[in-house]
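The values are calculated or read from the model by the stated rules, or taken from the named source; none is laboratory data. Keep in mind the model is a prediction, meaning the values are calculated, not measured. Methodologically, a virtual Cβ is constructed for each residue, glycine included, from the backbone with ideal geometry; neighbour enumeration extends over all protein chains shown.
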Amino acid sequence: MSHALAVEAAGLRKSHGGVLALAGVDLRVPAGSRCAVLGPNGAGKTTTVRILATLTRPDAGQARVAGCDIVRDQHRLRRLISLTGQFTGLDAQQTGAENLHMVARLSGLARGQARRRTAELLEQFGLAEAARRRVGTYSGGMRRRLDLAATLITEPSVIFLDEPTTGLDLPSRLTLWQAITELGGSGVTTVLTTQYLEEADRLADQIVVIDAGRVVAEGTPAELKQQVAGQRLELILTSRCAFDDVARAAAWAGVLEADPGRLLVSVATDGNAAHVRQLLDALDPRRVAVERFSVRGATLDDVFLALTGHLPEQAGEAGSRTQHDRSDQKEVTGV
Amino acid sequence: MSDTVIAIPAARSGARPSPALASMPVMIARCVRLSRRNLDALITALVLPILLMLLFVYLFGGAIATGTSYVQYVVPGVVLLCAGFGAANTAVSVCQDMTGGVIDRFRSLDVPGQAFLAGHVIASVVRNAASTLLVFGVALLIGFRPHASALAWAAAAGILLLFVLAISSLAAVAGLLATSAEAASGFVFAVMFLPYPSSTFVPIQTMPTWLQGFARDQPVTPVVETLRGLLLGTPVGASPWHAVAWCGGILAGAAAISGVLFRRRTA
């Protein structure tokens, strides 16, 4: 093994009260990398992370995290990892500083050390001003940031983040993304779960797509996008009748997506102008059916759709949400 | 990429002597702080027993013949009721922690079950010490006149402490079993009810015979008889031994069961 693996799991299975949550999950995460476990609600993301973080025992399968067996070396492992769950692991009735200080003391830091580390992290996460306020008065984004700060108190070697930005507004998500991106510098391994394709694309150097308790694909964001056609020609058609004609005609070229609701047909291309022209002529010889066309690279949405047959949990607004995210990223890079 | 996966970061090495001992004071401080800030529960825990005492002394007291003035008879019982109520609320706070996100944080920090439960039980003792003092203060104002030596006061405090420890530990078991805070508060009502079929408010001889057996052999009666005897300077007979046996038994049993339950809930 040339690269040390921070997480190595094989055949993890788990049922909750007769319902199968994991049907044999394998996972290999190189040390120092950021891995996103991507999937819709109920796919088994949380169960996977909880098993790896020693909070749930698998029914079958093995896993080693940071060199420790998750069942046999449970207590040693807990000192090496840190988990931020989906629900805030903090006391609403304590202040931000009190919460962090408590976590620091429970991790074994002496009083003075704990105080220094608390102040440091509050500063780092932009919470110094709110340090003396009760967490109950914090916004959702502030709570997640404090939660993340609590996760980092003892400089763990593997960090698990379960849906770190679910339910947050966009500015909070962006702040949190930045914080997560900055974690990478210290050589720490991050395993995060998300149902946002954009988030996985942006934060992770390795993505594991799971659906219905199984890994359905894995690779870098670029590799996953290549698994589906690299480029696609999208046609918006003038009418339902035109849609039917074009969809039929496109069958030989390989239809990637056909959506009668949006009158959209999407076919694979290499993006070359000659090929696009040829496709347009072949699909719409009378030049009346196509209203608009665009050529674009595959997104993770396309990957997800191709792999699982459905879009991740964003029912109906999948497209619009992803677009939001994109425009927002631009804003941020501009800032 | 280096092979540093299993190197223990500096901040964590060297620290951590015995996890249970090291984390216990932190967990106790947390629970005491949370109790102090949970204003609703705190006010209920303080006001309710005082209202009950006034209710019994001024409304029912005239109709209840106990051989002494009723305020003398009932105050030790109200102190006990108040302690029982405060201690039983431990069920709610344990359950809230178990069903919230914070328990995952504690588990991933490897906080042992004993430390977690001790935090709640000790905080309950602190809460009850404060409310008991308040109840005694009001009792003195409305005419309660104890006749107790320093030793008797100490013994009374001791038996009350043991009672609060026992009920709090039992409440922790209820909190671990309950799946919601609402369910856990059911335990509080059960404990609130227990003093009524006992010698807390009325002498047992006045009850129907079929109830007398239960009233005499349930844990509240020997505790309240002991308290009454110690505070009023009357003979206590074998009550203290029964009280200690009951409370000690409940405490030991609850401690063992809660340890098992905590491990099972968090396995």
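Observations
- Some residue of the stretch A:82-97 being of a type outside the set (K, R), touching a Leu at 6+ places or on another chain (Cβ under 6 Å), buried (at least 23 other Cβ atoms within 10 Å of the Cβ) and away from every other protein chain (no Cβ under 13 Å): yes
- Exactly one residue out of A:T56, A:T47 is polar (S, T, N, Q), in a loop (DSSP other than H, G, I, E, B) and touching a residue at least 12 places away in the same chain (Cβ under 8 Å): that is A:T56.
- Any hit, the stretch A:150-164, residues being farther than 20 Å from A:V303 by Cα, part of a helix (DSSP H, G or I), of a type in the set (D, E, K, R) and in contact with a helix residue (DSSP H, G or I) (Cβ under 9 Å, 6 or more places away or on another chain): no
- Hey, A:V49 at pLDDT 90 or above and touching a Cys at 6+ places or on another chain (Cβ under 9 Å) or not: no
- Residues that are at pLDDT below 85, surrounded by 15 or more Cβ atoms within 10 Å (Cβ to Cβ) and either touching a Pro at 6+ places or on another chain (Cβ under 8 Å) or small (G, A, S) (or both), drawn from the stretch A:180-190: A:G184, A:G187
- There is at least one residue in the stretch A:118-128 that is farther than 18 Å from B:M27 by Cα and surrounded by 24 or more Cβ atoms within 10 Å (Cβ to Cβ).
- All helices (runs of 4 or more DSSP H) inside the stretch B:25-138 with 3 or more residues being without any contact (Cβ under 8 Å) to a residue 60 or more places away in the chain and over 24 Å from A:G85 (Cβ atoms): B:39-54
- Candidates in the stretch A:135-151 are the residues that are more than 11 Å from chain B (Cβ to nearest Cβ) and polar (S, T, N, Q); of these, the one that is nearest to A:N99 (Cα to Cα) is A:T137.
- Taken across the stretch B:247-258, residues that are over 21 Å from the mean Cα position of the chain (by Cα) and touching a residue at least 12 places away in the same chain (Cβ under 8 Å) do not occur at all.
- Checking each residue in the stretch B:190-218 for being surrounded by 20 or more Cβ atoms within 10 Å (Cβ to Cβ) and of a type outside the set (A, V, I, L, M) picks out B:P195, B:S198, B:S199, B:T200, B:F201.
- Here A:T165, A:T154, A:T194, A:T189 are screened, and the one residue that is among the polar types (S, T, N, Q), under 26 Å from A:R78 (Cβ atoms), within 14 Å of chain B (Cβ to nearest Cβ) and within 19 Å of the chain's Cα centre (by Cα) is A:T189.
- Flag for B:S124 being among the polar types (S, T, N, Q) and within 14 Å of chain A (Cβ to nearest Cβ): no
- Which listed residue, of B:L170, B:L261, is over 18 Å from the mean Cα position of the chain (by Cα) and closer than 30 Å to B:D110 by Cα: B:L261
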